[in-house]
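Written out below as structure tokens is the structure these notes cover.
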Amino acid sequence: MLTLPTYAGTLERYEISGTPIVPRAPQCAFTRTAFAAAHVVSDPLAERDPWMGRPSVDWDNTLAFRHWLWDQGLGLAEAMDTAQRGMGVDWDTARELIERTMTEAKAHPLKPRVACGAGTDHVDIATLTTEDALVAAYATQMEAIEAAGGQIIIMASRAMAAHSTGPDFYARVYGRLITGAAEPVVLHWLGDMFDPELRGYWGHDDLDEAADAVLSLIEEHADRIDGIKISLLEQSREEAFRARLPEGVRLYTGDDFNYAALIEGDGTRFSHALLGIFAAIAPAAAQALEALARDDHQTFHRLLAPTVPLSREIFKAPTRYYKAGIAFLAWLNGAQSHFIMPQGFQASREIAHYAEVFRLADAAGMLVRPDLAEERMGLLLGLHGIS
């Protein structure tokens, strides 16, 4: 029994009552491509000056977490914003992460699909003022991903948002990147709720105009584009965009509020998944996708519906701090021995939030090891003066 704080500023007694969903290998092939975007596990003993320089990474636990996802049949979106790209993890660390991950993936018996984020974050944003400079910066990371054997995700770049002169600028830069890649790429549209510096992406503040611009780009290069990941947290907008995509171009939902309905689809079209929340709810996500592949929509909803309130809490505003909730659940479930993040990011959320995540994770069956979760939640509560 724990004493948990509430958003009302009160304390209440709480006893774990949920039934954990036991992780297991898939029993059939999924009909949706599902990438889980995973976080990086810090090495707190090696950390020095945590707000400066390269983070210290616990490589064994970081890679073990990826194996845990793969063992359940999920793919991996590597070195994305969930891994704190631009918020503690630099390109040198991300490149090592990609190289280590691809080595492990190639040896995994399920041969998991891995896509890796390419950006411009290794170059001072102030110098990336021209098309040539942006293309060269992206190309450095894209070439490293291809050399490691990963699929490229062209991440949204703060430098593009800062220095573009409009939609034609995006079209020219992205056109060169898409045609220069060896294999079809995944595009990446991250809303400003995830990163305020990405406001006005694709050259428009208006989202309808931005959608028209990126759809024009996709139509021009449809044979070189695997799909596009959209994280705007608006179900109807994603559905409307999805309906306009050329045949064969996938929509990878990044909507951590409405993913269940978007993945299930409307009977005609559906979204695939590239989601940070899938790293936190892997057993429910994998087994729900298995049910969907068997056309068992009842089980799909039974497993996935309870995770949606949990995801909405983890991704509440300010949404960019959601990474703390992902690492918190990994700690509760024994995937890492501590709750320390690059740049001390665990301090980005308040104790009432962590208490609510704990309750909702229990309700969703996502406290895989209840006794350990209760013990560790008690430790965090004690640090906040709650006994």
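The values are calculated or read from the model by the stated rules, or taken from the named source; none is laboratory data. It should be emphasised that the depicted structure is a prediction, and the values quoted were computed from it without experimental measurement. We place every Cβ from the backbone using ideal geometry, glycine too, and count neighbours over all the protein chains shown. To get the accessible areas, we keep the full protein, side chains included, count just its heavy atoms, and leave off ligands, DNA and RNA. Shrake-Rupley method; radii C 1.70, N 1.55, O 1.52, S 1.80 Å.
Computed values, structure above
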| quantity | calculated |
| --- | --- |
| Among (1) open to solvent by 30 Å² or more (accessible area, probe 1.4 Å); (2) under 21 Å from the mean Cα position of the chain (by Cα); (3) of a type in the set (A, V, I, L, M), the one test that residue 207 misses | (2) |
| Some residue of the range 43-55 being out of contact with any Cys (no Cβ under 9 Å at 6 or more places or on another chain), on the phi < 0 side of the Ramachandran plot and not in a loop (DSSP other than H, G, I, E, B) | no |
| Residue in the range 137-145 that is open to solvent by 70 Å² or more (accessible area, probe 1.4 Å), more than 30 Å from residue 204 (Cα to Cα) and not acidic (Asp, Glu) present | no |
| Positions within the range 80-111 being open to solvent by less than 20 Å² (accessible area, probe 1.4 Å) and assigned to a loop (DSSP other than H, G, I, E, B), in sequence order | 80, 84, 88, 108 |
| Hits in the range 342-375 (condition: in contact with a helix residue (DSSP H, G or I) (Cβ under 6 Å, 6 or more places away or on another chain) and open to solvent by 40 Å² or more (accessible area, probe 1.4 Å)) | 346, 356 |
| Residue check for residue 5: in contact with a strand residue (DSSP E or B) (Cβ under 7 Å, 6 or more places away or on another chain), within 20 Å of residue 324 (Cβ to Cβ) and modelled with pLDDT of 95 or more | yes |
| Residue list for the range 243-265, restricted to those being open to solvent by 10 Å² or more (accessible area, probe 1.4 Å) and either within 18 Å of residue 202 (Cβ to Cβ) or at pLDDT below 95 (or both) | 244, 245, 246, 249 |
| Subset of the range 17-60 [under 18 Å from the mean Cα position of the chain (by Cα) and farther than 16 Å from residue 116 by Cα] | 32, 41, 42 |
| Scan of the range 286-318 for residues that are open to solvent by 30 Å² or more (accessible area, probe 1.4 Å) and farther than 25 Å from residue 112 by Cβ, ordered by number | 297, 298, 301, 302, 305, 306, 309, 312, 316, 317, 318 |
| When residues of the range 154-177 are limited to those that are among the hydrophobic types (A, V, I, L, M, F, W, C) and touching an Asp or Glu at 6+ places or on another chain (Cβ under 9 Å), the one surrounded by the fewest Cβ atoms within 10 Å (Cβ to Cβ) | 162 |
| Failed item in (1) assigned to a helix (DSSP H, G or I); (2) under 14 Å from residue 167 (Cα atoms), with residue 205 passing the rest | (1) |
| Given (1) surrounded by 20 or more Cβ atoms within 10 Å (Cβ to Cβ); (2) hydrophobic (A, V, I, L, M, F, W, C); (3) more than 23 Å from residue 19 (Cα to Cα), index of the condition residue 277 fails | (3) |
